[in-house]
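The values are calculated or read from the model by the stated rules, or taken from the named source; none is laboratory data. Only a predicted model underlies this, so the values are computations on that prediction, with no experimental measurement involved. We place every Cβ from the backbone using ideal geometry, glycine too, and count neighbours over all the protein chains shown. Note: accessible area is taken over every heavy atom of the protein model, side chains too, but ligands, DNA and RNA are not part of it. Shrake-Rupley method; radii C 1.70, N 1.55, O 1.52, S 1.80 Å.
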Amino acid sequence: MAEHAGVVRRREDPRLITGAGEFVDDLRVPGCLHAAMLRSPHAHARIRAIDVATARRLPGVVGVYVAADLGPAGEPMPIYAPHPALPVPCKIMPLARERVRFVGEPVAVVIAEDVYRAWDALDLIRVKYEPLPAVVDVEAALAPGAPILHEEIGSNVVAEWRQRVGDVDEALRTAPVTVRARIRLARGGAHPLEPRALVAQWKDARLTVWGAVQMVHRHRGVIAGQLGLPEEHVRVIAPPDVGGGFGTKGMYYPEYIAVAELARQLGRPVKWIETRREHTLVACVERDQVHDVEIAATRNGKLLGMRDDFLHEMGAYTISGLNLPQNAMIHSVGSYVIPTLDLRFRGVMTSTTPAGAYRGAGRPYGTAVIERAMDALARELRMDPVELRRRNLVPADRHPYATGLTTAGRGPVDYDSGDYPRCMELALETLDLPAARTEQARLRKEGRYLGIGVVNYVEATATVPNESAVVRVHADGAVTVVSGAAPQGQGHVTMFSRLVGRHLGVDPDSIEVLTGDTALVHTGGGTYGSRTAAIGGSAALLASRAVLEKARRVAAHLLEAAPADIVVENGTFSVRGLPSRTLGWREVAAAAHAGRVPGEDAGLEDTHVFSVEQ
């Protein structure tokens, strides 16, 4: 077992820490070409002309391609999370045609025999731009006369959504205490060790894509749709080693479509590896938000209502839909009882890199809003901020607690369980708050300032409750687990092997775990939103149960006993009360695969698609 003194040792780590990991750029596909992207130097401009003639003549260059060369694959791409408040999404194209709207937007692609020649050729492409006014601030984008990024919308506000619970106006008008705060949350981005990367191969009228992506099945659907292919003709593989994701590798990017389409046109594999500079420039990041918050409360600190009107910066295109501001909205109530609510967001376009998921995808933003508002209220009441929180946390006996809010497509925002007051007390006990306050006072006398902050955080995780797993016991007793959830360092192999191994009574280290390959499992959600153990693990557990029950029936036939009398312990099957009659997994699996049990199909495996209803 891979554990010592109760510590589980990850199976993935020896390979990674010894430099034996295999990432996308380690793939050596015979005849592979290399792609490099020409990117806009302007935040907003019209493309008047692109001259690629000189670049095409450079030795080693196979081709230089612009939007028109992609054909139907060059049409606008689908967005990540559609929403009813976004009726006219501003979609990005694989290559910009007439206009660019952020610095780094791809304009042309060079395909060459080696990556260095491809980058040399980029310098030979001549693009005539007509610079246009840019707007890079979410509030400035709303000002009269601000440049409009997408004229078909008529303004830079592309979406608006509002939710109300109770009469907030009355609460704010009659409350003994009200506080207001403007809270600005800055943009942030992910820098995984491995940048975005892709290899596409067209062979026998089928496309195989190896990519550093978080959701192989969803990317398969997008790529197949853009290229006009049946999904079964597209295979997407996330290698066993993906150097970090953090949400950034879950988005659908224009480069993926361009590389896949050109691999099809050329009939040769094409590799694209993003540089660190490119990642800094164009990989999706989480965006600015500006919140105007009002809180109503009694003199003893009981919350009566909250209004939050906020702006969310979408960037130049609505790549991620409205999942980020929606998550910020529904998390802005925190773990507190707030009887009345008035929450509104507006999605605002700016000439900056498109917004996407990153480390919580809007959830920490909402938490930051309510917690900073609570601190502002505590200052107004001259109350200990810990005591203010204590008085407003959802009590353990009020679950399920309905906030009154809802989500688009995911149902109401209800808290099903939890003892939030006790959770905070445990944190305070661990900190030893009285001792920390004493130290704070002592240091303040010396002119040193020690801050003590308290935050309560409740998060909606394991969203999109649909994930599949395959558990297979081979004829020789070996076990394989397959999941569509592709890891980026979380330890999926260790988790799945231990979960299934414990249930089947098999050494986890002997279990083969295969992940992130659309050819191995027919459907899957992917890795994001803290969902793999909860959703993917549940699918694997239920598949294990089905396999074990069939194995029990096979063992019962072999041992001439009733299935209910079969005892399974440590991978051994025996008859209750007759411990001398035993079978191991090898004997049971061999019989199952040989079809020796009447009424049972040959083989010993189960595919389970888990959904939240289960």
Problem set entry | Charge dipole of the chain about the Cα centre (unit charges at C-beta), most positive-ward option of Leu149, Val61, Val337 | Leu149
Exercise. Across segment 423-434, in residue order, what do the Karplus-derived ³J(HN,Hα) couplings come to in whole Hz, using 6.51 cos²θ - 1.76 cosθ + 1.60 with θ = phi - 60° and x for Gly and Pro?
Worked result: 4, 5, 5, 4, 5, 5, 5, 5, 5, 6, 4, x
For this session: Grab the Cα-Cα distance for Glu130 and Arg581, subtract it from 0.36 nm times how many residues apart they are, and report the gain in nm with one decimal.
Result: 154.0 nm
Exercise. Say each of Leu142 and Glu22 gets a label point 7 Å from the Cα, pointing the same way as Cα to Cβ; how far apart are those two points in nm?
Worked result: 5.2 nm
Exercise. GluC sites (Glu not before Pro), restricted to segment 106-155: which are DSSP loop and have at most 10 other Cβ atoms within 10 Å?
Worked result: Glu151, Glu152
Seminar exercise, completed: Of the accessible area of segment 103-199, computed with a 1.4 Å probe and all protein chains kept, carbon and sulfur make up a percent value of 52 percent
Seminar exercise, completed: On the formula 1/(1 + (r/R0)^6), with r taken between the Cβ atoms of Glu512 and Val8 and R0 of 22 Å, the FRET efficiency rounded to 0.05 is 0.75
Exercise. How long is segment 449-488 along each principal axis, judged by its Cα atoms, biggest number first, in Å?
Worked result: 66, 24, 16
Exercise. For the pair Glu459 and Arg437, what calculated FRET efficiency results from E = 1/(1 + (r/R0)^6), where r is the Cβ-Cβ distance and R0 = 25 Å, to the nearest 0.05?
Worked result: 0.30
For this session: Write down Rg/Rh for segment 131-222, rounded to two decimals, with Rg from the C-alpha atoms and Rh from the Kirkwood relation over Cα pairs.
Result: 1.17
For this session: May I ask for the percentage of alpha-carbon pairs in the chain that lie more than 34 Å from each other?
Result: 53 percent
Exercise. With θ set to phi - 60° and the Karplus curve 6.51 cos²θ - 1.76 cosθ + 1.60, what are the ³J(HN,Hα) couplings of segment 381-393 in order, to the nearest whole Hz, using x for Gly and Pro?
Worked result: 7, 6, 10, 4, x, 5, 5, 4, 5, 4, 6, 10, 5
Problem set entry | Rg to Rh quotient for segment 311-422, alpha carbon positions, Kirkwood Rh | 1.02
For this session: Subtracting the Cα-Cα distance from 0.36 nm times the residue separation, let me have the gained length for Asp397 to Thr280 in nm, one decimal.
Result: 37.4 nm
Exercise. What order do you get for 28-34, 361-367 when each peptide is scored by the mean count of other beta carbon atoms within 10 Å, highest first?
Worked result: 361-367, 28-34
Exercise. In bins 10 Å wide, starting from 0, what share of all Cα pairs of segment 50-187 does each bin hold, as a percent?
Worked result: 9, 24, 27, 19, 11, 5, 4, 1
Exercise. What is the calculated FRET efficiency for Ser155 to Thr298, with r their C-beta to C-beta distance and R₀ = 45 Å, to the nearest 0.05?
Worked result: 0.65
Problem set entry | Convex hull per residue volume in Å³, alpha carbons only, for segment 170-309 | 164 Å³
Problem set entry | Debye intensity ratio in log₁₀ form over the Cα atoms of segment 298-367, taken at each q of 0.15, 0.19 Å⁻¹ | -0.53, -0.75
Exercise. How big is the Cα convex hull of segment 415-473 in projection, averaged over all directions, in nm²?
Worked result: 8.0 nm²
Exercise. In whole Å, how far is the Cα centre of segment 260-318 from that of segment 455-526?
Worked result: 29 Å
Seminar exercise, completed: If N is the residue count of segment 518-607, its Cα Rg over 2.2 N^0.38 Å rounds to 1.30
Exercise. About the Cα centre of segment 389-511, what is the dipole size in debye to 20, counting +1 per Lys and Arg Cβ and -1 per Asp and Glu Cβ, all else neutral?
Worked result: 660 debye
Seminar exercise, completed: Hydrodynamic calc, segment 213-290: Kirkwood Rh from Cα pairs, then Stokes-Einstein at 37 °C with viscosity 0.692 mPa s, so D in µm² s⁻¹ is 234 µm²/s
Exercise. Quick one: if you stick a label point 7 Å off each Cα along the C-beta vector at His522 and Leu193, how many nm between them?
Worked result: 3.7 nm
Exercise. For labels at Arg56 and Thr572 in the simple 7 Å Cα→Cβ model, what's the distance in nm?
Worked result: 7.4 nm
For this session: Please report the base-10 log of the normalised intensity I(q)/I(0) for segment 1-79, using a Debye sum with one equal scatterer per alpha carbon and no solvent, at each q in 0.17, 0.26 (1/Å).
Result: -0.96, -1.33
Seminar exercise, completed: Kirkwood radius from Cα pairs of segment 179-219 plugged into Stokes-Einstein at 10 °C, 1.306 mPa s, gives D in µm²/s equal to 111 µm²/s
For this session: May I ask you to compute the full-extension gain from Ala68 to Cys423, defined as 0.36 nm times their residue separation minus their alpha-carbon distance, rounded to one decimal in nm?
Result: 122.0 nm
Seminar exercise, completed: From the cross-link list Lys91/Lys128; Lys91/Lys271; Lys91/Lys203; Lys249/Lys271; Lys249/Lys550, the entries with a Cα-Cα span beyond 28 Å are Lys91/Lys203; Lys249/Lys550
Problem set entry | Peptides ranked, highest mean first, by Cβ atoms within 10 Å: ranges 301-312, 369-380 | 301-312, 369-380
For this session: Could you give the spread of the C-alpha atoms of segment 379-444 along their three principal axes, from largest to smallest, in whole angstroms?
Result: 52, 27, 20
For this session: Can you check what the Kirkwood hydrodynamic radius comes to for segment 341-486, Cα pairs only, in Å to one decimal?
Result: 20.0 Å
Seminar exercise, completed: Its Cα gyration tensor gives segment 436-522 an equivalent ellipsoid whose semi-axes in whole Å, largest first, are 48, 17, 11
